[in-house]
1. In what order do 19, 135, 154 fall by count of nearby beta-carbon atoms within 10 Å, going from fewest to most?
2. Starting from the Cα of residue 39, step 7 Å along the direction of its Cβ; do the same at residue 110; then give the gap between the two resulting points in nm.
3. Sort 169, 162 so the one with the fewest other Cβ atoms within 10 Å of its own Cβ comes first.
4. Can you sort 68, 140 from fewest to most other Cβ atoms within 10 Å of each residue's own Cβ?
5. By its C-alpha gyration tensor, with a ≥ b ≥ c as the square roots of the eigenvalues, how is region 100-174 shaped: rounded for a/c under 1.5, else prolate for a/b larger than b/c, else oblate?
6. Ranking request for peptides 50-60, 120-130: highest mean number of other beta-carbon atoms within 10 Å first, then the rest in descending order.
7. By how many nm would the segment from residue 138 to residue 121 lengthen if fully extended, with 0.36 nm per residue of separation less the alpha-carbon distance?
8. How big is the convex hull of the Cα atoms of region 1-82, per residue, in Å³?
Amino acid sequence: MRSALEGDGDSFGRLVDRYALSARRSARAILQDGDAADDVVQDAMISAWHALPRFDLGRPFRPWLMRIVVNAALDARRRNHVRRAEQVTDMMESPGALPDHLTDATILRVALDRALAALPERQRISVVLFDAEGYGHAEIASILNVPEGTVRSYVFHGRRTLRRALASLKEETK
């Protein structure tokens, strides 16, 4: 980090490589679009590079970077919401059962993505950062700029909602 603060782009590149996957998953949880998440993460990393002179070495890098990523994703989501138009797809999804050739893992992923998408945004971000990325409640509170108790509540209620949403899937696999 010290080398990056002194202007060493390679050092900053190593930091970016270390946290890029985590940043992408977090941005995807907010935007629910892998391509848009990639764009946001790239923009956030550039913003972080420009903001490096304001970084406090006495604080951890990861929450600082993730706050930039989360804010960039939230901003992109707000911008996209204004511009959103209904997309026309080449194929319409069947409302019936999924084809037999899909694996259980794919079915679970689709169900989890839908359940996550149904969560309120702050709950979704908190659950993804806590359960998928391994952040602590205090780190998430810092990233979202809310009290730690609020993050605990977001995680608790988000998990409960996910359990309910995925309960039917559990019954189908018995």
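1. Numbers: 19 19, 135 22, 154 26.
Final ranking by Cβ density, sparse to dense: 19, 135, 154.
2. Label at residue 39, label at residue 110, 2.6 nm between them.
3. Values: 169 15, 162 20.
The order, fewest Cβ neighbours first, is 169, 162.
4. On the way: 68 20, 140 28.
Placing the least packed residue first, the sequence is 68, 140.
5. On the way: a/c = 2.95, a/b = 2.35, b/c = 1.26.
Note, shape of region 100-174 comes out prolate.
6. On the way: 50-60: 10.2, 120-130: 21.4.
For the peptides 50-60, 120-130, the packing ranking is 120-130, 50-60.
7. Working: separation 17, 0.36 × 17 = 6.12 nm, distance 1.83 nm.
Stretched out fully, the residue 138 to residue 121 stretch lengthens by 4.3 nm.
8. Numbers: hull volume 6.5 nm³, N = 82.
Convex hull volume per residue, Cα atoms: 80 Å³.
Laboratory data are not the source of any read-out in this text; all were calculated from the coordinates shown. Just so you know, these numbers come straight off a predicted model, no measurement behind them. Note that each Cβ is placed from the backbone with ideal geometry, even for glycine, and that neighbours are counted across all protein chains shown.
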